[in-house]
Amino acid sequence: MTHIGGRAARSLLALTTTGALLAGTAAAAHATPEPRPTQRTTTVPTLVARATLSADHLAPGPPSGAKATAANGRTGPFGGQVVPGFSTMIENHDGTFWALPDNGFGSKANSADFLLRIYRITPQWETARGGPGRIRLDRFVSLRDPHRRAGFPIVNEDTRERLLTGADFDVESIVRTKDGTFWIGEEFGPFLLHVDARGVLLEAPVPLPGVQSPSHPTPAGAANLPNSKGFEAMAASADGRYLYPILEGARTDDAQPRRRWIHEFDTRAKRYTARRWAYESDTDASLVADAFTVGRHELLVAERDDFEGEQAVVKRVYRVDLDRRDREGFVQKELVLDALKIANPARIGAGDGYGTGDPFSLPVQSFETIVQLRDGRLLIANDNNFPGNDARVPGTPDDTEIAVVELRRRHVRGNDALVVGHRGASGHRPEHTLASYAEAIRQCADYIEPDLVSTKDGVLVARHENEIGGTTDVAGRPEFAGRRTTRTIDGRAVTGWFTEDFTLAELRTLRAKERIPALRPANTAFDGLYPVPTLDEVLDLARRSRTCDGRPVGVYPETKHPTYFDSIDLSLEEPLVEGLRRAGLDRPGARVVLQSFETQNLRELDRRSEARIVQLIDCAGAPYDLVAAGDPRTYADLVSQKGLRAISRYADGVGLCKDRMIPRTADGRLGRPTRAITDAHAAGLTVHGWTFRRENQFLPVEFRRGADPAGIGDLAGEIRAFLAVGMDGFFTDNPGAGAAAVGR
């Protein structure tokens, strides 16, 4: 890689701006990066209307839920037909909608008394001007099979109307064609069902060739699709000729667990075409929940995880273009809406439970409806899985909710200092989980920081250390008890469980937990929920997200113990660069920074990659690669004027331990600033400080509040003190507080 006027002078233009320099410093010698814009325009999803239907509402009909699983104080049977939320909706021309619940209570075994219906509803909106905020059920169309088209015995086989139930089909998605008939996607087959405007099944259910669920009513061969992973989502072409049903989950015979197939069905020929597209979900476990056509070959796709309430991570809407694929062959995704962060300045629905303030979120387990209304606004809604979900108020079944979101353009002020979510938002969620990274993004981090180690089969994963006894539940897994061992890492004996002794498949069976539970007990509520993420998942989350000022989220990976991993033939550098290339991020201008406490691997990365480089400087000791090579230089030597000039030949910046910038006095207060920032700037290097945390235990005395070491102090005050002496950006466990400190 060619260096013109020093690596930093070349590529810092896209990294960050410099903070204010101390008076009298050699400011002219600092290669000043291009200032971040003082004002940007970004899209802010904003709640403009909301309506709900009580979870306990019963529609006319026979009792239902006799075999439903009791939950949240509700036990069946219920004295009418439960309305368990809406899996999909269709807009009408008069302010009403058709809304389709699913099969009732989750399985064939417990849903035989649930009648499949399409409800015509009228939302009576709550808006900024007020309103009741209720959903009125006007009438319904019963799905039925009087002409015996199903092809198998149904629950109401010998009745005149042959009403269809949740034990016959699991209906999940619906579109209306120009002739007024409905096509419905379901999951037991999976099948496509064609019904007329009265709900009558017009023809035999259409199976998906080569794909079969375990719940298929007439199985032929082994199932290759998990239960409830069929056609949760379906869109239609503008003329209604083609349907685009999407498998909710991955096929069991697919080697790529994040792949979800989009199929094309010709409604005239009544068969599938040869065309299909691969959609890549955010994680292995993410589900495609709904789809809506917005262009000739463009779809809105709702994607969700299975978590609810504050545990939720993925409740998103993406725009996908079927004519554009990435280098891995997946349709390209562009984030339109994160349903876990919707501006709500009018406080519509405030007080209805978790997530109903400003910002508003829809943190329900089954975020399952996306409709682009005729005026361009987006409608989202939920299936409440009655009576099991309680995202809003623990112990109380979730209501059915419909929300209308407007995508508003807003000017936002740019900021000088870069905010890096240290291991995500590790002060709020267990570190190095997608939950932590996503929370950091919602808290306005510019970059998220994964530490990288290797599995036995050479896959890079995000863990602070390769020893995982303190950050996963491995110690409680008897099947892995024999893998506890002692290894020498960077010259120090460490006992525990190590990522390099696990394949990725084995590691993915583990779940993360809070590393410092005594200090952060609130984070233990998330223990045992989230898997260890791969580098690919972290990169994809970043590149498919946006910062609070509308930029792509950056990623700031750190390679951990590279000399050690080289010694066991699991080099970190090659898979890291390859991962960046797969994600399209190994290019000039990409928001990627690579960092390490060692030096030789950074020189190698400088040669291999277009990414920017930051040399980490600890408060004491020396880079282990230098120790191993017999090189006497220490971190103190690296932060000298001569050392910083040497760093500038392969790096763009330095990541300084806080004490290197402003050491503490004997009584624990901030002392006199050193020359480290000034000298780094003089060498053309940007300076990012680490690590800023809000607990008193980590703060200088003057910024502590109270005597409790776990108490929350004045983190913003500490950050501003370091920015005042020229620090350009910082790593923080609490990105929200960090963003507030720089005026966001």
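Let me check against my output: what whole-number percent is the relative contact order of the chain, with C-alpha pairs under 8 Å and at least 6 apart?
For the chain, the relative contact order is 13 percent.
Over 21 Å between Cα atoms: which of Lys513/Lys658; Lys178/Lys229; Lys333/Lys560; Lys333/Lys456; Lys108/Lys229; Lys315/Lys341 fall into that group?
In this structure, Lys513/Lys658; Lys178/Lys229; Lys333/Lys560; Lys333/Lys456 lie more than 21 Å apart at Cα.
Below 8 Å, C-alpha to C-alpha, sequence gap of six or more: please give me the relative contact order for the range 600-712 in percent.
Relative contact order of the range 600-712: 22 percent.
What spacing in nm lies between the two simple spin-label points modelled at Arg198 and Thr177, each 7 Å away from Cα in the Cβ direction?
1.9 nm
Can you compute the modelled spin-label distance between Ala255 and Ala525, with each label point 7 Å from Cα toward Cβ, in nm?
4.3 nm
Counting Lys and Arg as +1 and Asp and Glu as -1, what is the net charge of the other residues whose Cβ lies under 12 Å from the Cβ of Leu529?
So the environment of Leu529 carries a net charge of -4.
Treating the angle as unsigned and between 0 and 90°, give the value, to the nearest 10°, between the Cα long axis of helix 573-582 and the longest Cα principal axis of the chain.
40 degrees
Provide the per residue accessible area, probe 1.4 Å, for the range 332-471, rounded to a whole number of square angstrom.
In whole numbers, the range 332-471 has 28 Å² accessible per residue.
Calculate what fraction, in whole %, of the accessible area of the chain sits on carbon and sulfur atoms when a 1.4 Å probe is rolled over the protein chains.
50 percent
State in Å² the accessible area per residue of the range 544-654; use a 1.4 Å probe, count heavy atoms of protein chains only, and round to the nearest integer.
36 Å²
Roughly how compact is the chain, stated as its Cα Rg over 2.2 N^0.38 Å to two decimals?
1.03
Find how many whole Å separate the alpha carbon centroid of the range 685-744 from the alpha carbon centroid of the range 69-107.
48 Å
What ranking, highest mean first, results for peptides 721-727, 84-90 when packing means the other Cβ atoms within 10 Å averaged over each residue?
Ranking, from highest mean packing down: 84-90, 721-727.
Estimate the FRET efficiency between Thr485 and Glu574 by the formula 1/(1 + (r/R0)^6), using the beta-carbon distance for r and 25 Å for R0, to the nearest 0.05.
In this case the efficiency is close to 0.45.
Multiplying the sequence separation of Ala666 and Thr96 by 0.36 nm and subtracting their Cα-Cα distance, what value in nm do you get?
Taking Ala666 through Thr96 to full extension adds about 198.2 nm, to one decimal.
For the range 396-511, what is the relative contact order in percent, using Cα pairs closer than 8 Å and at least 6 residues apart in sequence?
It comes to 19 percent, rounded to a whole number.
Excluding ligands, DNA and RNA, what is the solvent-accessible area per residue of the range 694-735 at a probe of 1.4 Å, expressed in Å²?
Accessible area per residue, the range 694-735: 34 Å².
Quick one: 3J(HN,Hα) in Hz for the range 675-691, Karplus 6.51/-1.76/1.60 with θ = phi - 60°, rounded, Gly and Pro as x.
8, 4, 5, 4, 5, 5, 4, 4, 8, x, 9, 7, 10, 10, x, 9, 10
How high is the FRET efficiency between Arg275 and Arg136 when r is their beta carbon distance and R₀ equals 41 Å, given to the nearest 0.05?
In this case the efficiency is close to 0.50.
Order the peptides 567-573, 580-586, 371-377 from the highest to the lowest mean number of other Cβ atoms within 10 Å of their residues.
Top to bottom by mean Cβ count within 10 Å: 580-586, 567-573, 371-377.
List the aspartates and glutamates whose Cα sits under 12 Å from the Cα of Lys270, skipping any in the same chain fewer than 8 residues away.
Reachable aspartates and glutamates: Glu203.
Among 195-206, 649-660, how do they line up from the highest to the lowest mean number of other beta-carbon atoms within 10 Å?
So the peptides 195-206, 649-660, ranked by packing, come out 649-660, 195-206.
Residue separation times 0.36 nm, minus the C-alpha to C-alpha distance between Ala724 and Ala475: what's the value?
Additional length available on full extension: 85.2 nm.
The values are calculated or read from the model by the stated rules, or taken from the named source; none is laboratory data. From a predicted model like this one, the values you see are computed outputs, not experimental measurements. All Cβ positions, glycine included, derive from the backbone under ideal geometry; neighbour counts span all protein chains shown. In case anyone asks, the SASA skips ligands and DNA or RNA and just uses the protein heavy atoms, side chains included. Shrake-Rupley method; radii C 1.70, N 1.55, O 1.52, S 1.80 Å.
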